Amino acid sequence: MQFKVVEKFISINGEGTLSGQLAVFIRFAGCNLNCSYCDTAWANKKDASYEWMTSKDIYEYIKSTGVRNVTLTGGEPLLQEGLIELLEIISKDKKLHVEIETNGSVLIDKFSNLENPPSFTMDYKLTSSNMEGKMELGNFKYLTKKDTVKFVSGTIEDLQKTKHIIDKYNLVDKTNLYISPVFGKISMDNIVEFMKANKMNGVNLQIQLHKIIWDPNERGV
């Protein structure tokens, strides 16, 4: 199989349980959503520049970096035809830790049967994203403690929905939970006050490190 890869680079993980650790990123072209705050919309355009890479090409590039954390991102990686083949090749290398960043709209059930399944950092798109109706709620039953659900919040309404979803699906006991602010839309102290008022034990506030270290519009970071 061949994949349209719009970026490949080494940086630090900006969010999730491995935040601050080195990772090698593979960014695929194309997404099925159009979030109001999307910071990689350029990668989803039909005229986005890309290179064709086979599963072997991608694995060899990953190994050449010497970095063990691998992040497959997009766009939406789970839309990539042949992703199972790629994961099977990478997962044979027990030294690598593979994470998939997914937007929450694609069912992940078929990936749970892999010999060495990846971890998922899954978004739940809240009201301000304009994409909440696209969420695949069936995913919650497949999540484990190796996975993460990320709630990117831009308003108090978003925070209220975050609490509702966490409580309804008992997510604190199932997986890792993070709230991230929509960059420039909500102050972090408001998020903390909401967490305090609602006794949100087991939930983490997280800032996107790459948007603090580099310009928020910088690519390849």
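Here, each number is a calculation from the coordinates, and none is a lab measurement. The structure displayed is predicted, hence computed values, not measured ones. As a convention, Cβ positions derive from the backbone with ideal geometry for all residues, glycine included, and neighbour counts pool all protein chains shown.
Cα gyration tensor of segment 141-221, axes a ≥ b ≥ c as square roots of the eigenvalues: rounded (a/c below 1.5), prolate (a/b > b/c) or oblate? Each step should come with its number before you reach the end.
On the way: a/c = 2.34, a/b = 1.36, b/c = 1.72.
It comes out oblate by the Cα gyration axes.
By the gyration tensor of its Cα atoms, with a ≥ b ≥ c the square roots of the eigenvalues, what is the shape of segment 1-90: rounded for a/c under 1.5, prolate for a/b over b/c, or oblate?
oblate
Using the number of other C-beta atoms within 10 angstrom as an exposure proxy, rank Cys31, Cys38 with the fewest first.
Cys38, Cys31
List the trypsin sites (Lys or Arg not before Pro) within segment 97-161 that DSSP assigns to loop and that have no more than 13 neighbouring Cβ atoms inside 10 Å.
Working: sites: Lys110, Lys125, Lys134, Lys141, Lys145, Lys146, Lys150, Lys161; in loops: Lys125, Lys145, Lys146.
Counting only loop positions with at most 13 other Cβ atoms within 10 Å, the trypsin sites (Lys or Arg not before Pro) in segment 97-161 are Lys145.
Hey, which of these cross-link pairs are over 30 Å Cα-Cα: Lys46/Lys95; Lys125/Lys199; Lys56/Lys146?
Among Lys46/Lys95; Lys125/Lys199; Lys56/Lys146, the Cα-Cα distance tops 30 Å for Lys46/Lys95.
Among Leu209, Leu107, Leu143, which comes first, then next, by fewest other beta-carbon atoms within 10 Å?
Least crowded to most crowded, the residues run Leu107, Leu209, Leu143.
Hey, got a sec? Which GluC sites (Glu not before Pro) in segment 19-114 land in a DSSP loop and have at most 10 other Cβ atoms within 10 Å?
Listed in order of number, the matching sites are Glu81.
Rounded to the nearest 500, what is the 222 nm mean residue ellipticity of the chain from helices alone, with -39500 (n - 2.57) per DSSP H run of 4+ residues and division by all residues?
About -6500 deg cm²/dmol.
Kindly put Asp57, Asp173 in sequence by how many other C-beta atoms sit within 10 Å of each C-beta, fewest to most. Let's see the in-between values first.
Values: Asp57 15, Asp173 8.
Sorted ascending by nearby Cβ count, the order is Asp173, Asp57.
List the cysteines in the chain whose Cβ has no other cysteine Cβ under 4.7 Å from it.
That list is Cys31.
Cross-link partners among aspartates and glutamates for Lys94, C-alpha distance below 14 Å, same-chain residues fewer than 8 apart left out?
Partners within reach: Glu115.
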